[in-house]
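Nothing in this text is a laboratory measurement; each read-out follows from the coordinates by a stated rule. The structure displayed is predicted, hence computed values, not measured ones. Quick reminder, even Gly has a Cβ in these numbers, built from the backbone with ideal geometry, and neighbours come from all protein chains shown.
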Amino acid sequence: MNIITIEHIAKIYQVGTEEVQALRDVSLTIDKNEYVAIMGPSGSGKSTLMNILGCLDTPTKGLYTFTGKHVSDMTDNDLASIRNKEIGFVFQTFNLLARSDALHNVELPLIYAGIGKEERRERAREALTKVNLEDRMDHRPNELSGGQRQRVAVARALVTNPSIILADEPTGNLDTKTGEDIMALFETLYEQGNTIILVTHEEYIAEHAKRIIRLRDGLVEKDEIIETRRVAQPRQI
Amino acid sequence: MEHFLFELKEGLIIAFNAIRANKIRSILTTLGIVIGVASVVLMSTAIKGIDESFQESATSIMGTENIFIDKWAWFGDVPWWELRNRRDISMQDYRDFKAQATLPSAVVPRTVRRQTTTYGDVNVDGCFIIGTNQDYIQTTDLKFTEGRFFSEIESNAARRVCVIGGVIAEKLFPQGNGVDQVIKIRDKKYKVIGINDKQGSFLFGDFNPDNMIYIPIEAMFKDFQSRHRGGGISISVRAPTNQMVPAVKEEAISVMRRIRGLKYDEQDDFSINQQAALLDMINQQVGVIQIAGLFITGLALFVGAIGIMNIMFVSVKERTREIGIRKAIGAKKRTIMGQFLTESAFICLLGGLIGLFIAVLGAKIIEQYDFPVSVQVDAVVLAIGISLLTGVLSGLAPAWTAAKMDPVDALRYE
C-alpha cells in the first residue's frame with residue numbers, strides 16, 4: 001500500500017527578483033514499511049523534497065497524496081495535524097527543547113495531540129525505553145551526549161506511532177560509532193514495521209536503506225533498490 | 001472547552017518556565033506593569049475615597065433632606081451685586097414661613113459669625129458661632145458626647161448657653177468635663193451645656209460641626225450681631241423624607257414669595273440652596289480629578305504595556321527555533337499564539353498582583369495621614385482585569401508574529 005504518492009512536484013522559490021527552481025518535476029511513491037534514502041549533493045533539492053514530504057512546506061505545482069489525503073491543498077492547521085499524528089521527525093541538530101527534560105521532550109507531540117497526562121507519561125516512558133534511555137528520562141539535553149540526544153529525538157518521533165519516520169542527516173552531528181548506534185536503532189524500527197525515509201549526502205549512511213533515490217538539480221536522477229545493503233549492528237555496551 | 005483548558009494549562013507551564021529562565025529580564029519587564037497597576041489602583045481608590053468623604057462631609061453638615069432659604073445663592077449665575085441688593089431675610093420672615101409652610105418637619109432660623117473662644121488661658125480662634133433655636137437639633141443628626149441641646153425657654157430667653165463641637169471641646173477641655181463650665185465667646189460668658197461627638201471631615205476645612213458652637217439666636221443678636229444692620233438670617237427647612245425634598249422646595253418658594261409680597265412678574269429675591277447642588281458641583285470636580293488622574297496613571301500603564309510588547313517580540317525572535325520545533329511536531333497556529341499570549345498575560349498578571357500589593361501598602365501608609373483611602377474588592381478586580389487585558393493586548397502582535405512563522409524557516413534559524 002502506498003503511503004506517499006507525489007506526482008510532478010515542483011517547488012519554486014522567489015529569491016529577490018530571481019526564481020530558484022529547487023524541484024523541477026519529481027514523481028515517486030513510497031510503500032508501507034519501506035526503508036528509503038534520499039541522496040544528492042547540496043543544491044539538489046533534497047532538503048526541499050524532505051520539507052514537502054514532511055508536510056512542513058507545500059509544493060508550488062504537482063500533487064502530493066499522503067495516506068490517501070491530498071496534502072498539496074491543505075491549510076496550515078491541517079498540515080500541523082498531519083505532522084503531529086503521521087510524521088516523526090529526526091533532525092541533524094536533534095532540535096530538542098533545551099529547557100525541558102527528555103521525558104517532556106518526548107511528551108510534546110502528545111501534548112499537541114491533546115492526550116491526557118497519564119497516558120502521555122506512559123507512552124513517553126515506553127518510547128524512551130525503546131531507545132534504551134529509561135534511566136535518562138529526567139535529564140535535560142545539555143546533560144546528555146550527542147547520541148543520547150538523538151535517541152531522545154527518535155523516541156519523540158516514535159511516540160505518536162507515525163506512518164513515516166523522516167530523518168534528515170540523523171548522523172551528521174555524531175561520530176562514526178555513535179552514528180552506527182543510531183543506524184542500528186533505525187534498523188530495529190524498520191524490522192518492527194516502520195516506514196523510514198532517510199535524507200543524507202553520505203553514501204555510507206544511505207547504503208543502510210533498501211532503496212536509494214538520487215536527486216540532481218531538482219530531478220530524480222536514479223531510483224534504485226540496494227541488493228546488498230549495510231545492516232547496522234548495535235554495539236555491545 | 002476541555003481542550004482549551006488543557007492548552008491553557010500547558011501554556012501556563014511553558015510561560016512559567018520561560019519566565020524562570022529569564023528572571024532578571026522578566027523582573028525588569030514586569031516593573032512597568034507593577035508601577036502602572038499600582039498607580040492605577042492607588043489613584044482610583046484615592047479618588048473614590050475623596051469622593052466618598054466629600055459626600056459624607058456634605059451630608060453631615062447639611063443633611064440630604066435639608067434646604068436652605070438664603071439671601072445668597074451658593075451656586076448659579078445671578079451676579080453677586082444683585083444678590084447683595086436683595087432684602088435680608090429677617091426673623092419675621094422666619095416666623096411667617098414657619099406659620100405658613102405645611103410640609104416641612106422642622107423650620108429653624110440660622111445665622112453664623114466667627115469668634116474667638118476662651119477657657120482659662122486657652123484660646124480657640126475662628127470658631128463658627130451658630131445662632132439658632134431649639135428646633136435646630138431636628139435638622140441635623142448631631143450626637144452628644146455629654147449634655148444636651150438648649151431648650152425652647154433658654155432659646156426664647158436668650159440665655160447665654162452653648163453647645164460646642166468635638167474639636168473645640170478637645171482644645172478647650174483637654175481633660176474632659178466641659179459641661180457646666182463657663183467659656184468666653186469674644187468677651188461674653190457662656191455656659192457649656194452640651195458637647196458633640198467629634199465627626200472628622202475632609203471637605204470644607206474647618207467648616208464642619210466639630211468647629212461649631214451653637215447658641216440661642218436671640219443671644220446672638222444680643223451679643224454678636226445687630227438685629228437691624230447685617231442682621232439677616234437664613235432659614236433651614238427639613239423635609240420629612242428625601243422624596244419630599246422637591247415638594248418642600250416648591251412650597252418654600254411659593255410661601256416665601258407670598259411673605260415677600262412679590263408680584264407674578266418679579267424675580268425671587270431669595271435663594272433656595274440645597275445639598276444636591278453642592279453634590280453636583282463636587283461630583284463635577286471629582287470627575288475632573290478622576291479623568292486627569294486616570295489619564296496620567298493610564299499613561300504609566302501604557303508605557304508598561306509597550307515594555308511587555310517589546311520583550312515579547314525579543315522573546316519570540318529568540319525562540320524562533322523553538323517555535324520551529326513545536327510547529328514541526330504538530331503545534332497549530334492557535335497553540336503557538338496561545339502560548340505567547342499566555343506568557344505575556346502571565347507576566348502582566350504577576351506584575352499586576354505585585355502592583356496591587358504595593359498599592360495596598362501605599363494605601364495603608366497614606367491612611368496614616370488621615371487621607372481617606374482603602375483598597376476595596378473592586379480595586380482588586382480592576383487590577384487583575386487591567387493587567388490581564390494589558391498582557392493580552394500587548395502580547396497580541398508578538399504572538400501573531402510567532403504563530404505565522406514558516407516552520408521551515410524557523411527550524412533553519414540560528
Task: Rg(Cα)/(2.2 N^0.38 Å) for segment B:169-306, N = residue count - done: 1.60
Open item on the list: On the Cα set of chain B, report Rg and Dmax in Å, please.
Closed with: 32.3, 102
Open item on the list: Tell me the angle of helix B:377-403 to the major Cα principal axis of chain B, expressed in degrees between 0 and 90 and rounded to the nearest ten.
Closed with: 30 degrees
Open item on the list: What's the magnitude of the charge dipole for the protein assembly as shown around its Cα centre, counting Lys and Arg as +1 and Asp and Glu as -1 at the beta-carbon? Answer in Debye, nearest 20.
Closed with: 1440 debye
Task: Antiparallel bridges, percent of DSSP beta bridges restricted to segment B:87-269 (to nearest 5) - done: 75 percent
Task: Calculated [θ] (222 nm, deg cm²/dmol) that DSSP helices of n ≥ 4 give over chain A, each run adding -39,500 (n - 2.57) - done: -10000 deg cm²/dmol
Open item on the list: So for each of B:142-152, B:124-134, B:35-45 I average, over its residues, the number of other beta carbons within 10 Å; can you give me the resulting order with the highest mean first?
Closed with: B:35-45, B:124-134, B:142-152
Open item on the list: Take A:ALA113 and B:LYS191, extend 7 Å from each Cα along the Cα→Cβ direction, and tell me the distance between the two endpoints in nm.
Closed with: 9.9 nm
TODO: Mind checking segment B:251-291 for trypsin sites (Lys or Arg not before Pro) that DSSP puts in a loop (not H, G, I, E or B) and that have at most 11 other Cβ atoms within 10 Å?
DONE: B:LYS263
- [ ] With the convex hull built on the Cα atoms of segment A:52-180, state its orientation-averaged projected area in nm².
- [x] 8.5 nm²
Task: On Cα atoms only, tilt of B:23-62 relative to the major axis of chain B in degrees - done: 20 degrees
Open item on the list: Name the residue from B:ALA157, B:ILE193, B:CYS127 whose Cα lies farthest towards the positive end of the charge dipole of segment B:107-248, charges +1 on Cβ of Lys and Arg and -1 on Cβ of Asp and Glu.
Closed with: B:ALA157
- [ ] Only bridges with both residues in the protein assembly as shown count here: give the DSSP antiparallel percent, nearest 5.
- [x] 65 percent
Open item on the list: What does the net charge come to around B:VAL375 if you take all other residues with beta carbon closer than 11 Å to its beta carbon, with K and R at +1 and D and E at -1?
Closed with: 0
TODO: Could you tell me the distance between the Cα centroids of segment B:261-336 and segment B:387-409, to the nearest Å?
DONE: 23 Å
Task: Average other protein chain Cβ within 10 Å of Cβ, residues B:10-18 - done: 2
- [ ] Name the shape class, rounded, prolate or oblate, that the alpha-carbon gyration tensor gives for segment B:276-414, where a ≥ b ≥ c are the square roots of its eigenvalues, rounded holds for a/c under 1.5, and otherwise prolate holds if a/b is larger than b/c and oblate otherwise.
- [x] prolate
TODO: For chain A, list log₁₀ I(q)/I(0) at each q in 0.09, 0.11, 0.14 Å⁻¹, using the Debye formula over Cα point scatterers of equal strength and ignoring solvent, two decimals each.
DONE: -0.37, -0.56, -0.91
Task: From the C-alpha gyration tensor of segment B:87-269, square roots of 5λ in Å - done: 31, 18, 14
TODO: With label points built 7 Å along Cα→Cβ from the Cα atoms of B:LEU393 and B:LEU83, find their separation and express it in nm.
DONE: 4.3 nm
- [ ] Using the structure shown, select from A:LYS177/B:LYS9; A:LYS61/A:LYS130; A:LYS69/A:LYS222 the pairs with a Cα to Cα distance greater than 31 angstrom.
- [x] A:LYS177/B:LYS9; A:LYS61/A:LYS130
TODO: Identify, among B:MET337, B:GLY307, B:VAL380, the residue whose Cα sits farthest towards the positive end of the charge dipole of segment B:260-402, taking +1 on the Cβ of Lys and Arg and -1 on the Cβ of Asp and Glu, with the dipole about the Cα centre.
DONE: B:MET337
TODO: Per DSSP H run of at least 4 residues, take -39500 (n - 2.57); add these up for chain B, divide by its residues and hand me the 222 nm value, nearest 500 deg cm²/dmol.
DONE: -19000 deg cm²/dmol
TODO: Would you work out the relative contact order for chain B, in percent, from Cα pairs under 8 angstrom that are 6 or more residues apart?
DONE: 29 percent
Open item on the list: Compute the orientation-averaged projected area for the protein assembly as shown from the convex hull of its Cα atoms and round it to one decimal in nm².
Closed with: 45.5 nm²
Task: With Cα atoms, 0 to 90° folded angle of helix B:275-318 axis to chain B main axis - done: 10 degrees
